[in-house]
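Asks: Shown below is the structure under consideration.
The values are calculated or read from the model by the stated rules, or taken from the named source; none is laboratory data. As the structure is a computational prediction, the values presented were derived from the model and not from experiment. As a convention, Cβ positions derive from the backbone with ideal geometry for all residues, glycine included, and neighbour counts pool all protein chains shown.
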Amino acid sequence: MTNSRFSRQPLGARLFSFAVVADTHVNESEDTCASPFATNARANARARHVFADIASLDPAPAFTIHLGDIVHPVPSMPSFEVAADRFKAIAGQIDMPLHLVPGNHDVGDKRIDWMPADIVCDDYLDKYRQVFGPDYYAVDHGGVRFLFLNALLFNSGLAADDAQRAWIDEQLAGASGRVFVSLHYPPYLHDANERGSYDNIDEPGRGWLLSRLADPRVEGVFAGHVHNFWYDVIGVAEVYMLPSTAFLRHDFSEFYRVPPADEFGRGDVEKFGYFIVDVHEQGHVAKLIRTHGAMRGEAEPGRAAARTLPTVHTKTAACDGIAVEMRHPWAEIVEIPCTGGVQEFGRKLARNDYPLMSMWEMGLRTLKIPVQDLRDDKTLRRARLMSDVGHRFVLTSLGLPDARLLQQAREHGVAIAAIEINLNAQALEEAGAALQRLRARTDARLVYCKIRTGADDAHFDGKHYSHFVNTGLRASELEAAQSALLPHFAQKNLDGFTVRLDWGADLIATHQQLAARARDWGATVNVGVKLADRLAAANTDDTAIAALVAEAFLAARTTDAVNYSFDTFMDVDRGYFPRNGLIDRRYDPRPAGLALAALNAVFAGQAAGAGSVERIDGEAGLRLCRYRCGEQTYELAYGPGPALRRQIEAGAFKRVVDLTAQRALQTGDDWAEYARLHLPGQAVLLIQRS
């Protein structure tokens, strides 16, 4: 699949970037904390790591934004100023402007009568202004206006509320171009009409603010407070709710179907992180950097190690010929229990956006979804928002899909790249007229996927009986299938067909066969990659799965005619054919997802649709292929560490990338040290030859 235009595609040169940090909750000392959670006591070391990481970024951000809850002690506590001094020392690692907005820990909570917390007041505002500076203000940079708001003022009854509102109107009226807005509280969590809670801005302030954020000049909104990731759109503005650098709001661990991580989910370090935002001549890209809970001590010398691969995003992905099957919900709305703490008087609704976050950070664009996902208006809206960001959808349907659903998707603006139509051989023979009618109703590619029957596969092997569904032609069956398929291609009833690649098959050898077949037949091929071959035993070989994803990525870059769909995005850890995917059940990347992100980083800015890939020989235990594109030659190597080292050092190289570790080694000395100290027992390496 070639890259196609989408409405939020960043265009033109990158003008500058900025970092966004949220909810550091810095304590008054390294070993003292007002919270009973051990995770909170590590907040200083984690904030120190984040600012050291920002200081090492190349190119350097123009500035950093902090979305509030700068410190953990509230203004009424004597430790507030001490914690503020700690924060300033930690943030002093960056040599760039730092723009702050207040959070509820910094100026008091929003005005609510059901929480025994200190409420925002003039005294707390004065203290904040003395310690940190103004609580709302504007900065212009690079032709863009940045508004920094005090979210605690809305509905506060303070004179500063009216003053800030008048100032916001003045700033928007005076803005000649693009505007970005930063504040602590999000206007809402799930829906603009939701009831007030600890996590949002109450009415009537919410409605007033939303009307201003809907101004067509507002391009982006950044909020913190909820310590989890969410994405939405208000007007034309993209709205991002950021994770914390310190701890997770662990009531939202309800999203998972597995037990929560450390401290009942609060210490789920894989969810900690910050953003880097690239601002282009048109549009922007907000990229997540997970910190994994990394910590840096007060006396730790030197600068943080620079990142060796750029962070990627779906908006700027290098290849969209890789798809995943969304076997689990991908826009699920969950009722968060009222377990006490900050939520006592009823459950609240929250959408689980962690699948989306994971897709973005690995540069994944194409999603294969069942046609049933088009039946829900809320899912359709999410699909539209995701289409605008660059996602494309492959619909899979048992029989021909309902034309009314396709019309509804088209009206919503959902980018449907292909429709996979599952039929048995007899039904295909009789489907010509229906396919022609479907062709008149959609611009999507129409792809035939064979439903395998008893005539194709034995149900009884002498010991076990199977009645499980299998789909897709095998490559070895294409010669026999051409008499049934070619008339449909000639009559434009179909554009392509699905081939199943069983676990253990040679993807590279099969790709060469399929590319030739696609060329000869004038068709496209969707390869359904199976990550398990045993009904009752799990495939948990993450490195082997990562190697398969890497081979598919390189193969897909050589032609638009053959693309790959992996048969699960998230682990299937219960039921039939258990297998690992690209993310685990907490929505954190597995090695296959890390490898995809690394490959998108390596090939960023390089056009796909050209080059060649071939299997090459190596020593026993290694699986190798060579990818050539223009003047560049790469080898993809999977196997045991010692054999990989010998393969690399057998010839000159420019760079070695450990795909699952996301480490790029640029020189022989770098590689030698890495191979000696860090190379795992099994690895997937991309070798760029000289």
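Asks: Return only the number of the condition from (1) outside the structural domain of residue 546 (by TED's automatic domain parsing); (2) on the phi > 0 side of the Ramachandran plot that residue 652 does not satisfy.
Replies: Every listed condition holds for residue 652 apart from (2).
Asks: With in a strand (DSSP E or B), surrounded by fewer than 19 Cβ atoms within 10 Å (Cβ to Cβ), touching a residue at least 40 places away in the same chain (Cβ under 8 Å) and among the basic types (Lys, Arg) as the only criterion, which of 615, 626 stands out?
Replies: 615
Asks: Please find, within region 44-98, the residue that is surrounded by the fewest Cβ atoms within 10 Å (Cβ to Cβ) out of those that are out of contact with any helix residue (DSSP H, G or I) (no Cβ under 8 Å at 6 or more places or on another chain) and of a type in the set (Val, Ile, Thr).
Replies: 82
Asks: Additional query: Just to be sure, is residue 267 touching a His at 6+ places or on another chain (Cβ under 9 Å) and either under 24 Å from residue 328 (Cα atoms) or not in a helix (DSSP H, G or I) (or both)?
Replies: Yes, satisfied.
Asks: A further question follows. Just checking: which of the strands (runs of 3 or more DSSP E) contained wholly in region 483-585 hold 2 or more residues that are under 28 Å from the mean Cα position of the chain (by Cα) and hydroxyl-bearing (Ser, Thr, Tyr)?
Replies: In region 483-585, 562-566 are the strands (runs of 3 or more DSSP E) which contain 2 or more residues that are under 28 Å from the mean Cα position of the chain (by Cα) and hydroxyl-bearing (Ser, Thr, Tyr).
Asks: May I ask you to say which residue of 524, 540, 498 is hydroxyl-bearing (Ser, Thr, Tyr) and either under 21 Å from residue 575 (Cα atoms) or without any contact (Cβ under 8 Å) to a residue 40 or more places away in the chain (or both)?
Replies: None of the other options fit; the residue is 540.
Asks: Mind checking which strands (runs of 3 or more DSSP E) fall wholly inside region 175-235 and carry at least 2 residues that are assigned by TED's automatic domain parsing to the domain that holds residue 351 and hydroxyl-bearing (Ser, Thr, Tyr)?
Replies: Numbers: elements: 179-183, 218-223, 230-234.
Of the strands (runs of 3 or more DSSP E) lying wholly inside region 175-235, none has at least 2 residues that are assigned by TED's automatic domain parsing to the domain that holds residue 351 and hydroxyl-bearing (Ser, Thr, Tyr).
Asks: Continuing with this model, one more query. Mind listing just one residue for me: the one in region 430-454 that is of a type in the set (D, E, K, R) and part of a loop (DSSP other than H, G, I, E, B) and, of those, surrounded by the most Cβ atoms within 10 Å (Cβ to Cβ)?
Replies: Of all residues in region 430-454, those of a type in the set (D, E, K, R) come to 430, 437, 439, 441, 443, 445, 450, 452.
After this cut, where a residue has to be part of a loop (DSSP other than H, G, I, E, B) as well, the list is 430, 441, 443, 452.
Details: 430: 9, 441: 13, 443: 8, 452: 18.
Filtering region 430-454 for residues that are of a type in the set (D, E, K, R) and part of a loop (DSSP other than H, G, I, E, B), the one surrounded by the most Cβ atoms within 10 Å (Cβ to Cβ) comes out as 452.
Asks: OK, next. Which ones in region 636-690 are part of a helix (DSSP H, G or I), over 22 Å from residue 542 (Cβ atoms) and more than 30 Å from the chain's Cα centre (by Cα)? Lay out the reasoning, then the answer.
Replies: Taking region 636-690 as the starting set, the residues that turn out to be part of a helix (DSSP H, G or I) are 641-649, 668-677.
Of the ones still in play, those that are also over 22 Å from residue 542 (Cβ atoms) are 646, 649, 668-673, 676.
Scanning region 636-690 gives 646, 649, 668, 669, 672, 673, 676.
Asks: Surrounded by fewer than 16 Cβ atoms within 10 Å (Cβ to Cβ), within 24 Å of residue 531 (Cβ to Cβ) and free of Cβ contacts under 8 Å to residues at least 40 places away in the same chain: does that describe residue 668? I'd like the intermediate steps shown before the answer.
Replies: Numbers: surrounded by fewer than 16 Cβ atoms within 10 Å (Cβ to Cβ): yes; within 24 Å of residue 531 (Cβ to Cβ): no; free of Cβ contacts under 8 Å to residues at least 40 places away in the same chain: yes.
In short, no.
Asks: Taking residue 329, is it over 30 Å from residue 53 (Cα atoms), in a loop (DSSP other than H, G, I, E, B) and of a type outside the set (S, T, N, Q)?
Replies: When the stated conditions are applied, residue 329 passes them.
Asks: Which members of region 322-350 meet the condition of being more than 30 Å from residue 58 (Cβ to Cβ) and either among the hydroxyl-bearing types (Ser, Thr, Tyr) or surrounded by 19 or more Cβ atoms within 10 Å (Cβ to Cβ) (or both)?
Replies: Within region 322-350, 323, 324, 325, 326, 330, 331, 336, 339, 348, 350 meet the criteria.
Asks: Please work out which one of (1) at positive phi; (2) surrounded by fewer than 18 Cβ atoms within 10 Å (Cβ to Cβ); (3) in contact with a Lys or Arg (Cβ under 9 Å, 6 or more places away or on another chain) is the condition residue 281 fails and give its number.
Replies: Looking at each condition in turn, residue 281 falls short on (1).
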